1. Out of everything in the stretch B:6-20 that is more than 8 Å from every other protein chain (Cβ to nearest Cβ) and not in a loop (DSSP other than H, G, I, E, B), what residue ends up being surrounded by the most Cβ atoms within 10 Å (Cβ to Cβ)?
2. So, in the stretch A:88-120, exactly how many residues are modelled with pLDDT under 80, charged (D, E, K, R) and within 21 Å of A:Gln328 (Cα to Cα)?
3. When you go through A:Lys307, A:Lys314 one by one, which is the residue that is modelled with pLDDT under 85, within 14 Å of another protein chain (Cβ to nearest Cβ) and either crowded, with 16+ Cβ neighbours inside 10 Å or assigned to a strand (DSSP E or B) (or both)?
4. What number of residues within the stretch A:182-202 satisfy the criterion of being surrounded by fewer than 20 Cβ atoms within 10 Å (Cβ to Cβ), at pLDDT 80 or above and within 20 Å of the chain's Cα centre (by Cα)?
5. Condition check: out of contact with any Lys or Arg (no Cβ under 9 Å at 6 or more places or on another chain) and at the interface with another protein chain (Cβ under 8 Å from one of its Cβ atoms). Does B:Gly28 satisfy that?
6. Among the listed residues B:Val109, B:Val76, identify the single one that is assigned to a strand (DSSP E or B) and either under 15 Å from the mean Cα position of the chain (by Cα) or more than 18 Å from B:Ile21 (Cβ to Cβ) (or both).
7. Out of curiosity, is B:Leu23 away from chain A (no Cβ under 14 Å) and either at positive phi or not in a loop (DSSP other than H, G, I, E, B) (or both)?
8. List every residue pair whose Cβ atoms lie under 6 Å apart, where the two residues are 6 or more positions apart in sequence or sit on different chains, the first residue falls within the stretch A:61-78 and is more than 7 Å from every other protein chain (Cβ to nearest Cβ), and the second residue, located anywhere, is part of a loop (DSSP other than H, G, I, E, B).
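The values are calculated or read from the model by the stated rules, or taken from the named source; none is laboratory data. These numbers come from a predicted model, not from an experiment. Here Cβ is always computed from backbone atoms with ideal geometry, including for glycine, and neighbour counts include all displayed protein chains.
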Amino acid sequence: MQGCVHHGQMFSTKAFKVQIRLQHLLAVVCVFAISVNIASAQSTVWGLQRDDRFSVKTTIDRETVIQLADNAPVTSTSEDQLELEYKVWRATPVETVVQVRVVGFVRIGKSGDAFTDSMFDQRLKLLERIPIRIDVDTNGVVTNMEGYRESLEQFAGPDQNMLKLLLEACPQQSFQSWIGRPFWMTPTDNDDEDGKSWERIDQLSLGLMGGLRTVATCRIDSQENNSAKIAISGTARQIAPPPLDRNASPRSVSFTDVKVTAESFRGEGRMLLPEQTVDDDPNPVKLRPWFAGLTLNWSITGEATVKSGGRSQKVTFEHRQKQTSELQPNVQMGRLPFGARPPSLRTPQQPAR
Amino acid sequence: MAVRMELSRVIVSEINDQQAIYLKEVDGVRKFPILVGEFEAGIINRRLLEEPPFRPLTHDLLRLAIESLGGEPLEVVVTEMKDHIYFAVLKVKQKDQILEIDCRPSDAVALSVHFNPPLPIFVAEEVLDEVS
């Protein structure tokens, strides 16, 4: 990274890899599903309680084509797998505070150990030590996040230019949006009356080239026993990159005239429906369904002018991404101080305790 | 007889260890891929995206060495294919001599993009007939 920062050629292999890495970090869509009803304990609208934990594994398949001026286009492909662990720190009917950690990262298909050949991978592994804490409201919106800057500092190591670059390429809003995805897919209070469809607004980072504001419409496609299939369609609108602040930024290149078009944005998911409330429950809580899995496909094309060293050149790009997230079977619920939950209230994913 | 080609695409895959470059006929439609190593693909990619290294890398060193020794690189030619392995030569003019230096096509193409304009790339007609 140092070489390209010093030379200001940020739209380079490494720089773009950083962008893409950040992008896929940011673009990971995580969803989870657990529906247990303990009305007598402090729990969230999803039935989560303090010390409950679950993890979500996401596989990200990417292909990016970049062409600078009249040079030959370069196609980059990769497939990564990332696992995040969520642990409930505090649970109330109006707020859920969750601690999130990266617990696994694998580069699929490459020979050798994922962590042996790249400084990037090593730094990513260090992120395990930096938990991020998020506050989630009843609509699944992350209202506060701690640990964002610390995580980027951990990733950048002693390289301050790298840190500045990460802060630019990975805005807090996108980071927050990504880390809170498990709650993001839940229907909100304001959704369609029949509960059959709902809308979610999100932000995907495109690194130094800005981002995309996506509006996803989720609709129940079919329902069977305690689960339902979800169809997702949506639109995306470009968010322009902020102008280059030459005093604050280590890079000497900037992207102008950025035009990004979302060619497609669609997906499908699986949702677990809450089980019936216990008959003798004095204070039944209306629990929301959870998603057990999600696959999102999106593709964009675009162009921009990259300015570097007094020179302006046209760059065109295409990006296709498929990401699949699955709740892992290691869900732990009903820990102290609330005790174990009745077996009848456990979802199929929930192991007996 | 050699056919003028151009570098038309670079594939950098993190999914497997083999990367590829595509050469396309300048005055025609024939094209074919050559599998290259990760390092060479990275070097070519770096050049195409115009990212100069902080310090000279191997192909920069080679270019500087040729120039410092009074050589004038002329072109690269993929001359033959044996057992699915391509062979190439780098043609360098030194004084009144034209030297043909044996090299791998991946190195030849990587070196070609280190010059501005890039060195012309040729492929022997018989090779092109066989692979395109």
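1. So the residue we want is B:Gln19.
2. Result for the stretch A:88-120: 1.
3. A:Lys307
4. Residues meeting the conditions: 3.
5. Considered against the rule, which asks whether it is out of contact with any Lys or Arg (no Cβ under 9 Å at 6 or more places or on another chain) and at the interface with another protein chain (Cβ under 8 Å from one of its Cβ atoms), B:Gly28 comes out as no.
6. B:Val76
7. No: the conditions fail for B:Leu23.
8. Filtered contacts from the stretch A:61-78: A:Val65/A:Pro73; A:Gln67/A:Pro73.
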